[in-house]
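Shown next, in C-alpha coordinates, is the structure this report addresses.
The values are calculated or read from the model by the stated rules, or taken from the named source; none is laboratory data. Just so you know, these numbers come straight off a predicted model, no measurement behind them. Don't worry about glycine lacking a Cβ; one is built from the backbone with ideal geometry, like all the others, and counts go over all protein chains shown.
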Amino acid sequence: MVAGRIVNHRGIGMTSARTRERLVQRLQNHGIADETVLDRIRNVPRHLFVDEALASRAYEDNALPIGQGQTISQPFIVARMTEALMAGGPLDKVLEIGTGCGYQTAVLSPLVGTIYSIERVGALLRKTRKLLGELGIHNVRFRHGDGWKGWPAKAPFDGIIVSAAPRETPEELLQQLAEGGRLVIPIGPSGYQTLMAYTRHGDNFEERELGGVSFVPLLQGVN
(Lines give C-alpha, C1' and ligand atoms only; values in the text may rest on other atoms or scores of the structure.)
Protein backbone atom coordinates (compact mmCIF):
# COMPACT_ATOMS: atom_id res chain seq x y z
CA MET A 1 0.00 0.00 0.00
CA VAL A 2 1.19 3.51 -0.78
CA ALA A 3 0.43 4.27 2.86
CA GLY A 4 3.78 2.83 3.99
CA ARG A 5 5.50 6.18 3.64
CA ILE A 6 2.75 7.92 5.62
CA VAL A 7 2.59 5.32 8.36
CA ASN A 8 6.22 6.08 9.21
CA HIS A 9 5.20 9.60 10.29
CA ARG A 10 3.70 7.94 13.35
CA GLY A 11 5.84 4.82 13.45
CA ILE A 12 5.24 3.91 17.08
CA GLY A 13 4.38 0.66 18.81
CA MET A 14 0.61 1.05 18.61
CA THR A 15 0.75 0.54 14.84
CA SER A 16 2.47 -2.84 15.13
CA ALA A 17 1.16 -5.98 13.47
CA ARG A 18 0.56 -7.48 16.91
CA THR A 19 -1.67 -4.57 17.93
CA ARG A 20 -3.72 -4.85 14.76
CA GLU A 21 -3.97 -8.61 15.07
CA ARG A 22 -5.45 -8.26 18.55
CA LEU A 23 -8.16 -6.04 17.09
CA VAL A 24 -8.90 -8.56 14.33
CA GLN A 25 -9.12 -11.37 16.89
CA ARG A 26 -11.57 -9.31 18.93
CA LEU A 27 -13.78 -8.79 15.88
CA GLN A 28 -13.70 -12.50 15.09
CA ASN A 29 -14.72 -13.26 18.67
CA HIS A 30 -17.72 -10.96 18.19
CA GLY A 31 -18.89 -12.71 15.04
CA ILE A 32 -17.14 -11.08 12.06
CA ALA A 33 -16.38 -14.01 9.76
CA ASP A 34 -15.59 -12.56 6.31
CA GLU A 35 -11.83 -12.97 5.90
CA THR A 36 -11.65 -10.27 3.23
CA VAL A 37 -13.25 -7.74 5.56
CA LEU A 38 -11.01 -8.81 8.44
CA ASP A 39 -7.97 -8.41 6.23
CA ARG A 40 -8.99 -4.82 5.42
CA ILE A 41 -9.36 -4.05 9.14
CA ARG A 42 -5.92 -5.56 9.66
CA ASN A 43 -4.25 -3.51 6.92
CA VAL A 44 -5.95 -0.11 6.89
CA PRO A 45 -3.84 2.25 9.08
CA ARG A 46 -6.63 3.50 11.37
CA HIS A 47 -4.22 5.68 13.36
CA LEU A 48 -3.93 7.97 10.33
CA PHE A 49 -7.65 8.72 10.42
CA VAL A 50 -7.71 10.20 13.94
CA ASP A 51 -5.96 13.15 15.57
CA GLU A 52 -2.42 12.35 16.63
CA ALA A 53 -3.40 12.88 20.28
CA LEU A 54 -5.78 9.91 19.97
CA ALA A 55 -3.53 7.72 17.82
CA SER A 56 -2.59 5.50 20.76
CA ARG A 57 -6.25 4.44 20.94
CA ALA A 58 -6.70 3.86 17.22
CA TYR A 59 -6.74 0.05 17.42
CA GLU A 60 -9.14 -0.16 20.31
CA ASP A 61 -12.62 -1.30 19.31
CA ASN A 62 -14.18 2.08 20.08
CA ALA A 63 -15.57 5.08 18.24
CA LEU A 64 -13.42 8.22 18.57
CA PRO A 65 -14.10 11.92 17.92
CA ILE A 66 -12.70 13.40 14.69
CA GLY A 67 -13.92 17.00 15.09
CA GLN A 68 -16.85 18.86 13.51
CA GLY A 69 -19.17 16.92 15.84
CA GLN A 70 -18.34 13.68 13.99
CA THR A 71 -16.80 10.36 15.02
CA ILE A 72 -14.77 7.57 13.45
CA SER A 73 -16.92 4.48 13.82
CA GLN A 74 -16.02 1.55 16.04
CA PRO A 75 -14.04 -1.03 13.99
CA PHE A 76 -16.60 -3.74 14.78
CA ILE A 77 -19.38 -1.59 13.32
CA VAL A 78 -17.32 -0.77 10.21
CA ALA A 79 -16.63 -4.48 9.73
CA ARG A 80 -20.26 -5.45 10.41
CA MET A 81 -21.64 -2.91 7.94
CA THR A 82 -19.07 -3.83 5.28
CA GLU A 83 -19.77 -7.54 5.73
CA ALA A 84 -23.54 -6.94 5.47
CA LEU A 85 -23.14 -4.78 2.37
CA MET A 86 -21.00 -7.40 0.63
CA ALA A 87 -23.09 -10.39 1.72
CA GLY A 88 -24.86 -10.80 -1.62
CA GLY A 89 -21.72 -10.80 -3.73
CA PRO A 90 -19.46 -8.29 -5.54
CA LEU A 91 -20.64 -4.71 -5.97
CA ASP A 92 -19.73 -2.32 -8.77
CA LYS A 93 -21.24 1.03 -7.72
CA VAL A 94 -21.59 1.94 -4.04
CA LEU A 95 -22.99 5.14 -2.54
CA GLU A 96 -21.52 6.16 0.82
CA ILE A 97 -23.45 8.70 2.89
CA GLY A 98 -21.10 10.39 5.35
CA THR A 99 -17.49 10.30 4.15
CA GLY A 100 -16.33 11.46 7.58
CA CYS A 101 -12.64 10.85 8.13
CA GLY A 102 -12.57 8.26 5.33
CA TYR A 103 -11.91 5.12 7.39
CA GLN A 104 -15.02 3.27 6.22
CA THR A 105 -14.20 4.42 2.68
CA ALA A 106 -10.68 3.00 2.93
CA VAL A 107 -11.91 -0.35 4.27
CA LEU A 108 -14.47 -0.69 1.48
CA SER A 109 -12.44 0.73 -1.40
CA PRO A 110 -10.70 -2.39 -2.84
CA LEU A 111 -13.82 -4.52 -2.37
CA VAL A 112 -16.00 -2.61 -4.86
CA GLY A 113 -15.73 -0.95 -8.25
CA THR A 114 -16.39 2.73 -7.50
CA ILE A 115 -17.50 4.52 -4.33
CA TYR A 116 -19.60 7.67 -4.65
CA SER A 117 -19.10 9.38 -1.30
CA ILE A 118 -21.11 12.33 0.05
CA GLU A 119 -20.11 14.50 3.03
CA ARG A 120 -22.05 17.54 4.29
CA VAL A 121 -19.09 19.16 6.14
CA GLY A 122 -16.84 20.80 3.56
CA ALA A 123 -13.75 21.18 5.76
CA LEU A 124 -13.86 17.51 6.73
CA LEU A 125 -14.30 16.41 3.13
CA ARG A 126 -11.26 18.39 1.95
CA LYS A 127 -9.07 16.84 4.64
CA THR A 128 -10.31 13.33 3.90
CA ARG A 129 -9.93 13.65 0.15
CA LYS A 130 -6.28 14.60 0.65
CA LEU A 131 -5.58 11.69 3.02
CA LEU A 132 -7.21 9.06 0.81
CA GLY A 133 -5.24 10.36 -2.15
CA GLU A 134 -2.01 10.02 -0.17
CA LEU A 135 -3.01 6.45 0.68
CA GLY A 136 -3.35 5.61 -3.00
CA ILE A 137 -7.13 5.20 -2.89
CA HIS A 138 -8.39 6.51 -6.22
CA ASN A 139 -11.71 4.74 -6.93
CA VAL A 140 -13.74 7.25 -4.89
CA ARG A 141 -15.81 10.10 -6.32
CA PHE A 142 -16.50 12.79 -3.73
CA ARG A 143 -19.35 15.23 -3.36
CA HIS A 144 -20.01 18.00 -0.85
CA GLY A 145 -23.74 17.65 -0.39
CA ASP A 146 -26.82 16.57 1.55
CA GLY A 147 -26.78 12.83 2.13
CA TRP A 148 -30.54 12.69 2.62
CA LYS A 149 -30.94 13.23 -1.11
CA GLY A 150 -28.40 10.63 -2.16
CA TRP A 151 -26.78 11.11 -5.58
CA PRO A 152 -29.58 10.70 -8.15
CA ALA A 153 -27.39 11.52 -11.15
CA LYS A 154 -25.21 8.46 -10.44
CA ALA A 155 -28.02 6.07 -9.46
CA PRO A 156 -28.85 3.23 -9.44
CA PHE A 157 -26.36 1.82 -6.94
CA ASP A 158 -25.57 -1.82 -6.19
CA GLY A 159 -25.02 -0.86 -2.56
CA ILE A 160 -25.58 2.10 -0.24
CA ILE A 161 -23.90 2.45 3.15
CA VAL A 162 -24.88 5.19 5.59
CA SER A 163 -22.70 6.19 8.56
CA ALA A 164 -25.18 8.47 10.37
CA ALA A 165 -28.67 7.75 11.64
CA PRO A 166 -31.99 9.17 10.41
CA ARG A 167 -35.11 8.44 12.47
CA GLU A 168 -36.69 6.79 9.43
CA THR A 169 -35.20 5.32 6.27
CA PRO A 170 -35.03 8.02 3.57
CA GLU A 171 -37.23 6.99 0.65
CA GLU A 172 -34.81 8.72 -1.74
CA LEU A 173 -32.09 6.22 -0.83
CA LEU A 174 -34.31 3.18 -1.25
CA GLN A 175 -35.32 4.40 -4.70
CA GLN A 176 -31.67 4.81 -5.74
CA LEU A 177 -30.95 1.10 -5.21
CA ALA A 178 -30.53 -1.11 -8.25
CA GLU A 179 -32.52 -4.33 -8.49
CA GLY A 180 -31.01 -6.67 -5.89
CA GLY A 181 -29.11 -3.73 -4.38
CA ARG A 182 -28.48 -3.49 -0.64
CA LEU A 183 -28.81 -0.55 1.76
CA VAL A 184 -27.12 -0.77 5.18
CA ILE A 185 -28.21 2.04 7.52
CA PRO A 186 -28.73 2.78 11.24
CA ILE A 187 -32.29 3.87 12.01
CA GLY A 188 -33.63 5.55 15.16
CA PRO A 189 -33.29 8.45 17.60
CA SER A 190 -30.01 9.77 19.04
CA GLY A 191 -28.36 7.43 21.52
CA TYR A 192 -29.65 4.11 20.24
CA GLN A 193 -30.55 2.88 16.79
CA THR A 194 -31.09 -0.40 14.98
CA LEU A 195 -28.73 -1.29 12.15
CA MET A 196 -30.88 -2.30 9.18
CA ALA A 197 -30.16 -4.02 5.88
CA TYR A 198 -32.59 -3.61 2.97
CA THR A 199 -32.47 -5.56 -0.29
CA ARG A 200 -34.47 -4.36 -3.29
CA HIS A 201 -36.79 -6.73 -5.15
CA GLY A 202 -38.68 -4.63 -7.67
CA ASP A 203 -40.86 -2.21 -5.70
CA ASN A 204 -40.45 -4.26 -2.50
CA PHE A 205 -37.65 -4.11 0.03
CA GLU A 206 -36.63 -7.07 2.15
CA GLU A 207 -35.68 -5.90 5.67
CA ARG A 208 -33.24 -7.45 8.13
CA GLU A 209 -32.23 -6.21 11.59
CA LEU A 210 -28.51 -6.44 12.35
CA GLY A 211 -28.49 -5.31 15.99
CA GLY A 212 -28.30 -2.21 18.14
CA VAL A 213 -25.86 0.61 17.36
CA SER A 214 -25.20 4.23 18.30
CA PHE A 215 -24.46 6.78 15.55
CA VAL A 216 -24.51 10.55 15.25
CA PRO A 217 -27.75 11.77 13.62
CA LEU A 218 -28.02 12.13 9.84
CA LEU A 219 -28.41 15.88 9.41
CA GLN A 220 -29.91 17.64 6.43
CA GLY A 221 -28.25 20.46 4.49
CA VAL A 222 -24.55 21.26 4.09
CA ASN A 223 -21.93 22.98 6.22
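Among the residues of the stretch 149-166, those that are crowded, with 17+ Cβ neighbours inside 10 Å and either modelled with pLDDT of 95 or more or in contact with a helix residue (DSSP H, G or I) (Cβ under 9 Å, 6 or more places away or on another chain) (or both) comprise Gly150, Trp151, Ala155, Phe157, Asp158, Gly159, Ile160, Ile161, Val162, Ser163, Ala164, Pro166. When Ile160 is tested against (1) more than 19 Å from Leu195 (Cβ to Cβ); (2) assigned to a strand (DSSP E or B), only condition (1) is not met. Taken over the stretch 98-136, the criterion of being surrounded by fewer than 19 Cβ atoms within 10 Å (Cβ to Cβ), of a type in the set (D, E, K, R) and touching a residue at least 60 places away in the same chain (Cβ under 8 Å) is satisfied by Glu134 alone.
Within the stretch 167-209, if we keep just the residues that are in a strand (DSSP E or B) and β-branched (Val, Ile, Thr), the residue that is surrounded by the fewest Cβ atoms within 10 Å (Cβ to Cβ) turns out to be Thr194. In the stretch 18-34, the count of residues that are under 18 Å from Phe215 (Cβ atoms), surrounded by 20 or more Cβ atoms within 10 Å (Cβ to Cβ) and among the basic types (Lys, Arg) is zero. Would you pick out the residues in the stretch 137-177 that are of a type in the set (A, V, I, L, M) and in contact with a Gly (Cβ under 9 Å, 6 or more places away or on another chain)? The answer is Ile137, Val140, Ile160, Ile161, Val162, Ala164, Ala165, Leu173, Leu177.
The requirement of being more than 11 Å from the chain's Cα centre (by Cα), of a type outside the set (Lys, Arg) and either in a helix (DSSP H, G or I) or closer than 27 Å to Glu21 by Cα (or both) is fulfilled nowhere in the stretch 95-103; no residue meets it. Quick one: would you say Gly159 is under 16 Å from the mean Cα position of the chain (by Cα), touching a residue at least 24 places away in the same chain (Cβ under 8 Å) and closer than 15 Å to Leu91 by Cα? Against the criterion (under 16 Å from the mean Cα position of the chain (by Cα), touching a residue at least 24 places away in the same chain (Cβ under 8 Å) and closer than 15 Å to Leu91 by Cα), Gly159 qualifies.
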